[in-house]
Every structure is written in structure tokens, then in C-alpha cells.
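Note sheet for the following structure.
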Amino acid sequence: MTIEELMKKLEAGETINLNSVQLTETTEALAKTFAGLSRSEALEAGKCVMCGEKHNGFRDVPSEREYNISAICQTCQDGMFEQ
């Protein structure tokens with residue numbers, strides 16, 4: 001499924017069922033589309049997929065785990081989760 005097809009389905013409110021490989025590929029493609037940097041590229045470079053900046057460490061272990069899942073830095077996590 002292409003990103004365009006995925007976005008159309010989401011906009012239409014359709015449920016999307018993806019296996020783990022498709023989910024990983026979709027996550028990578030979405031990050032690249034919206035942030036210009038895929039999750040794996042961000043992790044490799046120590047950057048954030050949301051702001052593109054290098055991460056400057058994490059407040060706690062759960063925040064660092066979240067970065068390893070999402071490649072979102074502490075500052076952007078704080079903004080998303082309103083801590």
C-alpha cells in the first residue's frame with residue numbers, strides 16, 4: 001500500500017490492518033514523508049523525526065525507550081505528551 005493509498009483510507013475513516021512488516025515500512029515512509037527523515041535514519045543519526053534536531057538526552061528510561069520506538073526527542077515528546 002502506498003502512502004497516498006494509506007492517507008486516502010485514513011481520511012475516509014477506514015480501518016487499516018497491517019502486519020508487522022507493513023507497519024514498519026509504513027512508519028518509515030510516513031516519517032520520511034512528513035519529517036524528511038525516516039525513523040531508522042533518525043535513530044542512526046541521533047536525531048528526532050519531528051524537529052530534525054539531535055536529541056540531547058532523556059529525562060528518564062521510559063522517555064529513552066519511547067525515542068527508540070518513535071525517534072522523537074525529549075523536547076518533542078514533552079510537547080506531544082504535555083508533561
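The values are calculated or read from the model by the stated rules, or taken from the named source; none is laboratory data. Note that the structure is a prediction, hence the values are computed from the model and not measured. Every residue, glycine among them, receives a Cβ derived from its backbone with ideal geometry; neighbour counts consider all protein chains shown.
Quick check on region 47-67. Is at least one of its residues among the polar types (S, T, N, Q), within 28 Å of residue 9 (Cβ to Cβ) and either at pLDDT below 90 or in contact with a helix residue (DSSP H, G or I) (Cβ under 8 Å, 6 or more places away or on another chain) (or both)? Reasoning before the result, please.
Initially, region 47-67 is screened for residues among the polar types (S, T, N, Q), giving 56, 63.
Remaining after also requiring within 28 Å of residue 9 (Cβ to Cβ): none.
For region 47-67, residues among the polar types (S, T, N, Q), within 28 Å of residue 9 (Cβ to Cβ) and either at pLDDT below 90 or in contact with a helix residue (DSSP H, G or I) (Cβ under 8 Å, 6 or more places away or on another chain) (or both): absent.
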From the residues in region 68-83 that are in a helix (DSSP H, G or I) and at pLDDT below 90, which one is farthest from residue 32 (Cα to Cα)?
-> 81
All conditions in (1) touching a residue at least 12 places away in the same chain (Cβ under 8 Å); (2) assigned to a loop (DSSP other than H, G, I, E, B); (3) of a type in the set (Gly, Ala, Ser) are true of residue 13 except (1)
Any residue at all in region 26-47 that is surrounded by fewer than 17 Cβ atoms within 10 Å (Cβ to Cβ), of a type in the set (D, E, K, R) and either at positive phi or outside any helix (DSSP H, G or I) (or both)?
-> no
